[in-house]
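Asks: Take this structure first; my questions come after.
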Amino acid sequence: MSDSTADHSTHLRTHMCGELRSANVGERVSVCGWVAARREHSQHLSFVDLRDHTGRVQCVVDGSVDVRSEYVLRVTGEVRAREDATINPNLATGEIELKHCSVEVLSVAEPPPFPLDDRTETDETIRLRHRYLDLRRDAMQRNLRTRATVNHAVRTAMTGQGFVEIETPMLIASTPEGARDFVVPSRLKPGSFYALPQSPQLFKQLCMVGGIDRYYQIARCLRDEDLRADRQFEFMQLDAEMSFASQDDVLSVITTTIRAVVAAVTGEQIGEIPTMTWLEAAERFGSDKPDVRFGLELVELTEVFSSTEFNAFKAPCVKGIRVPGGAEFTRSRLDDLTDRAKRWGAKGLVWMRVRGEAGAVELESPVAKFLSAEELASLASTLEAESGDLLLIVADERPRVRHVLGLLRLEIGRPPVNEGGLQFLWVVDFPLFEAIDEATGKPVSAHHPFTMPHADDLELLDGVVAGGDPTALLSVRSQAYDLVLNGWELGSGSVRIHRGDIQSKIFGLLGIGAAEAQSKFGFLLDAFRFGAPPHAGFAFGIDRLVALLVGEENIREVIAFPKTQSGSDPLTQAPTDIDPAQLAELGLRLLPRSAD
Ligand code: ASP
């Protein structure tokens, strides 16, 4: 955490409030900070608890003292041991206090609009409106200081592995991450716009052509997407790229960095990070970012119902999950789960309560009568059903079955963010394309269009280029990989295409013509004509990593000045109108607002 051994003394203070201990007894000290509490014991005796980011200390004043909560003070006094009866074991400085204090008021303060302790829940908009006060709270102090520790550990680990920190520009042409750009109008070229970077992707690849060999940056990225608990318009990521490197090289570098970060924050050494293929993650967890802190895995049942008479199970894929103890779920809970499954795209959800004895379980369900005795027996044994369990079954197209059961699994079993430890996981062998766009008939990149296909699947690509069935594209794997932590996607990366012929092929399949490719990424393609080393890279989100390390569900809790869910900043009021003169200078005129 923050370096407690650092000397924080200044011309106003000798010590920090929270660092005074019995060893300081007898010393005359000065501390500065905010009034956390004040008690007038009598006309002759008052107590002031003074707080700075290291903690608080009790100051005893002989007489009354005219201060209020959050006044900023400099207090000078002598450290003395408290009498046994007044020792406060809940306070790090609880064995001492400052006596005969002189108090200098450095700033007066209005009463804060909300209590600055961690026990009170305050509306988030009010907290953000007065973020400077909210930051004084212990939790925010801890979160931001942990964040600084993470950044520091990242820099040390990356530098230690030969990476060079390079800053890439903020005013750029668009990047191909697939989100909406934030744009900035150009004054010198009215009618033209810069984009703010969705990531430094193209620049880091140019760095490789430029012989930098190993690049990194803690980069600010901006994406105009709807905000959620784990998403802000702007976020920070460790962004890295390395030359003459394979997927394994990248995984090893990033693993080393993640381990250094975890050790710096928690003191713990985590082991190797396990690897799982995308297909396995989809089949077992119904997700490309599986939360492996708990079971409830998806079990294949297609074979069990291969010749069923039950119409609802006549589908290309049937899967189920077993919920231990779930037989106790109430009917309304089951109805709620069914509604959710339908909202997520399922035609329905079959549930069965498991009753009876070990070895002779019975399945209780409104649909049991439609299934044969063999099917019921085989279902129970495949799911290893035990009395007291609940079985949940979905039948449909395979991707939809995975999706719905994956979400149900989370709904039923996901532990709070701060439970179950830190379960990192590499997910590898992502598909190259995530879907075929119905309108255009073209595939959509799962990562970005510079991702190298899996060497073993290049033939599949060639088959489609030669006029074969385009749906074959959906089984082409890529050399792309994600890092997952407790079910959150922390980051992603890939081996890049450095060969012009493969890149043109991919652009062709994506429907990006030569002219469009040249106008959008011409500078990158040009650069590649001058000797591009094979290269690969990765980026992980600092905000998400810090949030999980400190056990916060919402990344706003680890960002000093975040935006609300609706994208505004209650503190500065951004986004705001701008002056007509400023608009004119930029060559812009506003359309009437539709709501006006
Ligand atoms: N540019 C990618 C992203 O920001 C990461 C990478 O491929 O290196 O998600």
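Asks: How much of the DSSP beta bridge set in the chain is antiparallel, as a percent to the nearest 5?
Replies: The antiparallel proportion sits near 95 percent.
Asks: Between THR266 and ARG231, what is the spin-label point distance in nm, taking each point 7 Å from the Cα along the Cα→C-beta axis?
Replies: Going by the 7 Å Cα→Cβ label model, 2.7 nm.
Asks: Report the charge-dipole magnitude of segment 317-391 in Debye, nearest 20, computed about the Cα centre from +1 at each Lys and Arg Cβ and -1 at each Asp and Glu Cβ.
Replies: My answer is approximately 480 debye.
Asks: For the chain, what's the relative contact order in percent, using C-alpha pairs closer than 8 Å and at least 6 residues apart?
Replies: Result for the chain is 13 percent.
Asks: Which order do peptides 562-574, 528-540 fall in by mean Cβ count within 10 Å, highest first?
Replies: Output ranking for 562-574, 528-540: 528-540, 562-574.
Asks: In addition: For SER475, SER243, which order do you get if you count the other beta carbons within 10 Å of each Cβ and list the fewest first?
Replies: Numbers: SER475 12, SER243 20.
Final ranking by Cβ density, sparse to dense: SER475, SER243.
Asks: Let me ask you something else. Using the charge dipole of segment 421-556 (Lys, Arg: +1 at Cβ; Asp, Glu: -1 at Cβ; taken about the Cα centre), state which of PRO470, ALA532, VAL484 has its Cα farthest towards the positive end.
Replies: It is ALA532, whose Cα lies furthest towards the positive end.
Asks: Further question on the same structure: Assuming 0.36 nm per residue, please report the length gained on full extension of the stretch ASP249 to ARG331 beyond their Cα-Cα distance.
Replies: Between ASP249 and ARG331, full extension yields 24.4 nm more.
Asks: On to the next question. Could you tell me which residue out of ALA260, VAL250, VAL72 lies farthest along the dipole of the chain toward its positive end? Charges go on the beta carbon: Lys and Arg +1, Asp and Glu -1, centred on the Cα centre.
Replies: Farthest towards the positive pole: VAL72.
Asks: Restricting the calculation to Cα positions, tell me the Rg (one decimal) and the Dmax (whole number) of the chain in Å.
Replies: Expressed in Å, the Cα Rg and Dmax of the chain come to 29.9, 94.
Asks: How would you rank PHE305, PHE561, going from fewest to most other Cβ atoms within 10 Å of each one's own Cβ? Walk me through the numbers on the way to the answer.
Replies: Values: PHE305 21, PHE561 13.
Ranking PHE305, PHE561 by Cβ neighbours within 10 Å, fewest first, gives PHE561, PHE305.
Asks: Another question, then. Roughly how tilted is helix 247-266, in degrees to the nearest 10 and between 0 and 90, from the longest Cα axis of the chain?
Replies: 30 degrees
Asks: Output the peptides 14-25, 254-265, 178-189 sorted from most to least packed, where packing is the average of other Cβ atoms within 10 Å over each peptide's residues.
Replies: 254-265, 14-25, 178-189
Asks: Let me ask you something else. Distance in nm between label sites at THR14 and GLU384, each 7 Å beyond Cα in the beta-carbon direction?
Replies: The modelled label-to-label distance comes out at 6.6 nm.
Asks: Using a cut-off of under 18 Å, list every residue of segment 206-237 whose amide N is near the label point 7 Å from the Cα of ALA173 along the Cα-to-beta-carbon line.
Replies: Answer for this model: 206-210.
Asks: Sticking with this structure for a sec: Could you name the lysines in cross-link range of LYS189, using Cα to Cα under 27 Å and dropping any fewer than eight places away on the same chain?
Replies: Partners found: LYS204, LYS520.
Asks: To test your reading of the geometry: what angle, between 0 and 90 degrees and rounded to tens, separates the Cα axis of helix 398-413 from the longest principal axis of the chain?
Replies: 30 degrees
Asks: How large is the helix-only mean residue ellipticity at 222 nm for the chain, computed as the sum of -39500 (n - 2.57) over DSSP H runs with n ≥ 4, divided by its residue count, in deg cm²/dmol to the nearest 500? Show your work: numbers first, answer last.
Replies: On the way: 14 runs with 158 residues, N = 596.
Result for the chain: -8000 deg cm²/dmol, rounded to the nearest 500.
Asks: Peptides 368-379, 68-79: what's the order by average Cβ count within 10 Å, highest mean first?
Replies: Highest-to-lowest ranking by the protection proxy: 68-79, 368-379.
Asks: What whole-number distance in Å separates the alpha-carbon centres of segment 545-596 and segment 65-94?
Replies: Here the answer is 41 Å between Cα centres.
Asks: Now a separate question. Cα centroid distance between segment 311-377 and segment 136-213, in Å?
Replies: Taking the Cα centre of segment 136-213 as reference, the centre of segment 311-377 is 48 Å away.
Asks: So how far apart, in nm, are the two label points at GLU297 and LYS442 if each is 7 Å from Cα heading toward Cβ?
Replies: It is 4.0 nm.
Asks: Roughly how tilted is helix 138-160, in degrees to the nearest 10 and between 0 and 90, from the longest Cα axis of the chain?
Replies: 60 degrees
Asks: Another one. Taking the radius of gyration and the Kirkwood hydrodynamic radius from Cα positions alone, what is the Rg/Rh ratio for segment 173-292, to two decimal places?
Replies: My calculation of the ratio gives 1.04.
Asks: While we're here: About the Cα centre, and with charges only on the beta carbon of Lys, Arg (+1) and Asp, Glu (-1), how big is the dipole of segment 415-510? Nearest 20 debye, please.
Replies: In total the dipole reaches around 300 debye.
Asks: Could you list HIS447, HIS8 in order of exposure, starting from the residue whose Cβ has the fewest other Cβ atoms within 10 Å?
Replies: Details: HIS447 23, HIS8 16.
So the residues, fewest neighbours to most, are HIS8, HIS447.
Asks: May I pose another question? Assigning unit charges at the beta carbon (Lys, Arg +1; Asp, Glu -1) and nothing else, what dipole magnitude in debye, to the nearest 20, does segment 333-492 show about its Cα centre?
Replies: In debye, rounded to 20, segment 333-492 gives about 500.
Laboratory data are not the source of any read-out in this text; all were calculated from the coordinates shown. What you are looking at is a predicted structure, and each value in this text was computed from that prediction instead of being measured. Don't worry about glycine lacking a Cβ; one is built from the backbone with ideal geometry, like all the others, and counts go over all protein chains shown.
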